[in-house]
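One structure is given below, encoded as structure tokens.
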Amino acid sequence: MRYLYIVPALVLLFLGFGAAAFADNGCEDPLGCVEIAPGEAIEFGGLLNFSGPPTRIAIVEAIQLAVLERNGELLGRDIVFTWEDSACSEEIARDMAQQLVARPSIVGIIGTNCSLAAKGALPVISEAGALMISPANSSPFLTSADREAGGLYQPGYFRTGHNDLFQGELSARFAISVLGVATVATIDDGDPYTTGLAGAMAATFTSLGGEVVFQGEVSKGATDVSEIISAIAESGAELVFFPLFEDEMRLVIQAIAETPALKDIFMLTAESGYSSEYSQTAGDAAIGLYVASPHVSGAAYEAFLETWRQEIDEAGPSGSSHAHAFDAANLLFEAVEAAAEERDDGTLVIGRSALRDALAATENYAGLTGALTCQDQSPHAGDCATGEALAIYQLTAAEIQDGNWPPPVVWTAAMAEGE
């Protein structure tokens, strides 16, 4: 492996080292400027969950490839990243965001990969005049400014990860058009991600003529879901949609397998079920599980995978957000190129408001995940993805028992559009 392994809370260098300094001298940007002296590196921040499964690291490795593609430089300066661990926690992410914005040399931040962590980090980052672009947040609340409905949007937030309004719609259309079900039960865990996705699926399912017969919530770290499973069995639901995290997802699947009344129920979940690590620990009860998750294809993506195999790992990436991370890094780098100005003495000046404006102006960028255009209106404020890079997969015995990866695609967003 060519790169240094990621250690949280340390300044790690992809292809260089340096430090920049913040100053207001001559800065006319309303949010202030980052000033980088001649010969010093351009520093970025990263706020990701390093406490979870190894698939989380694929996001960082994808960013490394974006750096490598530029030969480690931006505007003739080395690229440096300072990484912090959000632990997928609202409180910890808030603290780590404060540490990042306290470094006046940091130009922009890539993160988070947990919607709950974004809830904690966003107010800090936005109030500091900084910018954050996420490769993996998907909660509809994060790009909604409707505070009464739970909206969390803050200026300076962008994402290349899809909005779950898209994934919820895809999941609902698949349930009705392909599986032919008329009733659904949903389970979330109170997290902005799971509640947002379950709610989006339920809303579309209802709009298409289906009936949501049960909506329940499990606690994170729960060890017994028998009450909810019994309620689902009594509800008559033909499908259960549970976009939970790995441990709770495994618990629900096992409980369904042990409930004879649910032997014919369809099971549909989301990204947490799309990883080779999860498939190896899910057990036979997960055979047949449908998973709604990102899906990327095309010549550019195949070239990206070939580079990955050469530079990172011959097995290729695991998880679902690596291509979105590559796109996020490139959008941020291009925004810096558009916003930066160089003084006669070689000092690089990057206005924080100008950087936000440059990223917001992104239109039809040819990313790995599709044509990216950053929107500015709620409920999609900061959304740069279109939702086209999504699919429904199904775990089979080949993945669960034999370790084959990836699972087969059974339906895509393109198929949904062609209905």
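The values are calculated or read from the model by the stated rules, or taken from the named source; none is laboratory data. Nothing here was measured: the structure is a model prediction, and the numbers come from that model. As a convention, Cβ positions derive from the backbone with ideal geometry for all residues, glycine included, and neighbour counts pool all protein chains shown.
Considering only residues that are closer than 14 Å to D284 by Cα and surrounded by fewer than 18 Cβ atoms within 10 Å (Cβ to Cβ), which ones fall in segment 252-263?
Within segment 252-263, the first condition is being closer than 14 Å to D284 by Cα, and the residues that meet it are 252-258, 263.
Once the filter is applied, which keeps residues that are closer than 14 Å to D284 by Cα and surrounded by fewer than 18 Cβ atoms within 10 Å (Cβ to Cβ), segment 252-263 yields Q254, A257, E258, K263.
If I ask for residues that are over 18 Å from L48 (Cβ atoms) and touching a residue at least 60 places away in the same chain (Cβ under 8 Å), which ones from segment 314-341 would you list?
Filtering segment 314-341 for residues over 18 Å from L48 (Cβ atoms) gives 314-316, 334-341.
Matches in segment 314-341: A335, V336, E337, A340.
Please tell me if A128 is of a type in the set (G, A, S), more than 19 Å from the chain's Cα centre (by Cα) and not assigned by TED's automatic domain parsing to the domain that holds V291. Show your work before the answer.
Working: of a type in the set (G, A, S): yes; more than 19 Å from the chain's Cα centre (by Cα): yes; not assigned by TED's automatic domain parsing to the domain that holds V291: yes.
For A128, the condition - of a type in the set (G, A, S), more than 19 Å from the chain's Cα centre (by Cα) and not assigned by TED's automatic domain parsing to the domain that holds V291 - is met.
Report the residue count in segment 100-118 for those that are in a loop (DSSP other than H, G, I, E, B) and touching a residue at least 60 places away in the same chain (Cβ under 8 Å). Full working, then the answer.
As a first pass, look at segment 100-118 and keep what is in a loop (DSSP other than H, G, I, E, B): 102-105, 112-114.
Now restrict to residues that are touching a residue at least 60 places away in the same chain (Cβ under 8 Å): 103-105, 112-114.
Total satisfying the criteria: 6.
For (1) at pLDDT 95 or above; (2) assigned to a loop (DSSP other than H, G, I, E, B); (3) closer than 22 Å to D327 by Cα, each residue gets a yes or a no:
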position	(1), (2), (3)
G120	yes, no, no
I125	yes, no, yes
G129	yes, yes, no
Y153	yes, yes, yes
S171	yes, no, no
A203	yes, no, no
T206	yes, no, no
